[in-house]
2 protein chains.
Amino acid sequence: MSEIITAGILVIGDEILSGRTKDKNIGFIAEYLTNIGIDLKEVRVVADEEPEIIAALDALRHRYTYVFTTGGIGPTHDDITADSIAKAFGVGIDHHPEVVARFAERFSGPGELNEARLRMARIPDGAELIQSATILAPGFKIGNVIVMAGVPSIMQAMMDIVSPKLKSGVRMLSETVRANAREGDIGGPLRIIANAHPDTIIGSYPFQDEDKKPNTNLVVRSRDPEKLAAAMAAVKEMLKQLHGGA
Amino acid sequence: MSEIITAGILVIGDEILSGRTKDKNIGFIAEYLTNIGIDLKEVRVVADEEPEIIAALDALRHRYTYVFTTGGIGPTHDDITADSIAKAFGVGIDHHPEVVARFAERFSGPGELNEARLRMARIPDGAELIQSATILAPGFKIGNVIVMAGVPSIMQAMMDIVSPKLKSGVRMLSETVRANAREGDIGGPLRIIANAHPDTIIGSYPFQDEDKKPNTNLVVRSRDPEKLAAAMAAVKEMLKQLHGGA
């Protein structure tokens, strides 16, 4: 139960790098993984270029328990994710008969089941489909790599399908306290608390509060509820001293 | 004038990887760079861990003209960006006298200029400050690396300060046409057009339109206005054929 499960995200798409499309998937997947006890360790965004996709995928998949990719599984010439992933794994890729059969039902009009649409049925050999009645182009899982759509609503549906099949670790617990202080006023004592509580992660996040004053949220994270509670108690005691004791 | 200027972004912060904070900087910087003729080629997000920051920084700074980092330059123990960058460059780091002098004016109350705040004055040797009257903790530029705050409003102010000093290339031009068609209906002809216009990048971006119908934006990009115009003409002709000629 104490195994740490890790993950990387690989976002594939020129449109993110050009700024034309603002990514909404990284934040969603990050929060989702935290909630199911998987530690997201790294994110990369690369262009629609096969060597870039393969290099990033290989770097991530050999290092983390899982890699989640988004983007590049549509019907057009710039959708090269499936082919790049087959190449990275050294396996073949072909039209998946189950997907083709579903497409044949769905695209029954003349000329509808064209080469472009059939491109979305190209699945690397040995991959497991990620699909449902509402998903047109399926995602897939091959080895430790989960390949999903770039469109947020479809990606989110795919996460729900694939997540029950994933190993998950002991969930990282988190507690937040509002400091009512400027970050610079608590940095010193906070460092001492962080050093004294090694199995916790203590983060400090400045924000502007409702009175337009600089304020800070302090977040303590740990997999061990007792260690979390001890560190949080120390943080709260520090804040109490800061605000004049009593 | 034909030099291609490239960039990478390195986002530093546990809070992004945990999903607690949703990154807003990648999209902003991506669009900004496109507008000033710099090609963003890759983005990485890493945790507040020195070896991770150094490895990612080294991978990006040796490959691209510029690297933009965000996050980790505040006053608390988890703000380790400046120290990590000094280590990556093999230079020393110390309190910058100019920043200390500014802080001494600003934090003149008893105990205000504490160790935590002085931490924000730690600047790698040889770095150039990125600061203004409204910026508290300065960013800096060292070699080809531009180090900025994680708070979006401050990061954006820093981009405005640093951008006039950057080399910029020939701007990538872009034109968009709404296809009024499903992506799968145009993937075939679009591939032929893309192959026939090698100095352009043609992207296809599905969306749901105001009638809740699947629709597609086609984007043609090129540094050469004539090549852009020729490819866009071919795309429009293809759409005209698709929609029944005339």
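None of the figures in this text is laboratory data; all of them are computed from the coordinates on show. These numbers were taken from a predicted model, which means no experiment stands behind them. Quick reminder, even Gly has a Cβ in these numbers, built from the backbone with ideal geometry, and neighbours come from all protein chains shown.
List the GluC sites (Glu not before Pro) within segment A:2-53 that fall in a DSSP loop (any state other than H, G, I, E or B) and whose Cβ has at most 13 other Cβ atoms within 10 Å.
Filter output for segment A:2-53: A:E3.
How much length, in nm to one decimal, is gained on full extension between A:K227 and A:E49, taken as 0.36 nm per residue of separation minus their Cα-Cα distance?
Additional length available on full extension: 59.5 nm.
Compute the helix-to-body angle for B:50-61: its Cα long axis versus the longest principal axis of chain B, expressed 0 to 90° and rounded to tens.
Taking the Cα atoms of chain B, the angle to B:50-61 is about 50 degrees.
Using a simple charge model, +1 on the beta-carbon of Lys and Arg, -1 on the beta-carbon of Asp and Glu, nothing else, what dipole does chain B show about its Cα centre, in debye to the nearest 20?
740 debye
Put the label 7 Å from Cα along Cα→Cβ for B:P51; what are its distances to the other copies, in nanometres, shortest first?
2.9
For A:I93, enumerate residues with amide H under 5 Å from its amide H, sequence gap 5+ or separate chain, H modeled in the peptide plane.
Correct list: A:D125.
Treating the point 7 Å from Cα along Cα-beta-carbon as the label, what are the nm separations from B:H95 to the other copies, to one decimal?
The projected label point of B:H95 is separated from its counterparts by 7.2 nm.
Take B:N144 and A:D58, extend 7 Å from each Cα along the Cα→Cβ direction, and tell me the distance between the two endpoints in nm.
2.2 nm
Classify segment B:111-162 from the C-alpha gyration tensor, please: rounded if a/c falls under 1.5, else prolate or oblate depending on whether a/b exceeds b/c.
It is oblate, given that a/c is not under 1.5 and a/b is not larger than b/c.
What is the order of B:H96, A:H95, fewest Cβ neighbours within 10 Å to most?
Least to most surrounded, the residues fall as A:H95, B:H96.
Compute the normalised compactness of the protein assembly as shown: alpha-carbon radius of gyration over 2.2 N^0.38 Å, N being the residue count.
1.06
Percent relative contact order of chain A, based on C-alpha pairs within less than 8 angstrom and at least six residues apart?
Relative contact order of chain A: 17 percent.
Can you run phi through the Karplus equation (6.51, -1.76, 1.60; θ = phi - 60°) for segment B:83-97 and list ³J(HN,Hα) in whole Hz, with x for Gly and Pro?
So the Karplus estimates, Gly and Pro as x, are 5, 5, 5, 4, 5, 4, 7, x, 10, x, 9, 7, 5, 7, x Hz.
For segment A:5-65 and segment B:172-228, write down the distance between their C-alpha centroids in whole Å.
25 Å
With a bin width of 10 angstrom, please list the P(r) values of segment B:173-242 as percents of all Cα-Cα pairs, from the 0 bin to the one holding the largest distance.
22, 55, 20, 2
So what are chain A's ellipsoid semi-axes, whole angstrom, largest first, if each one is the square root of 5 times an eigenvalue of the alpha-carbon gyration tensor?
44, 19, 16
With respect to the symmetry axis carrying chain A onto chain B, which residue of chain A exhibits the smallest Cβ distance to that axis, and what is the value in whole Å?
A:R44, 3
Placing a label point 7 Å from Cα toward Cβ, how far apart in nm is B:N144 from its equivalents in the other copies, listed shortest first to one decimal?
3.1
Taking segment B:146-246, how many lysine pairs are there with alpha carbons less than 29 Å apart, if each pair must be eight or more places apart or span two chains?
Step by step, the pairs that qualify in segment B:146-246 add up to 7.
Using R₀ = 41 Å, calculate the FRET efficiency as 1/(1 + (r/R₀)^6) where r is the Cβ-Cβ separation of A:K22 and A:E115; round to 0.05.
Given R0 = 41 Å and the Cβ-Cβ separation, E is 0.85.
Taking 0.36 nm per residue of separation and subtracting the Cα-Cα distance, what length does fully extending B:I4 through B:V91 add?
28.4 nm
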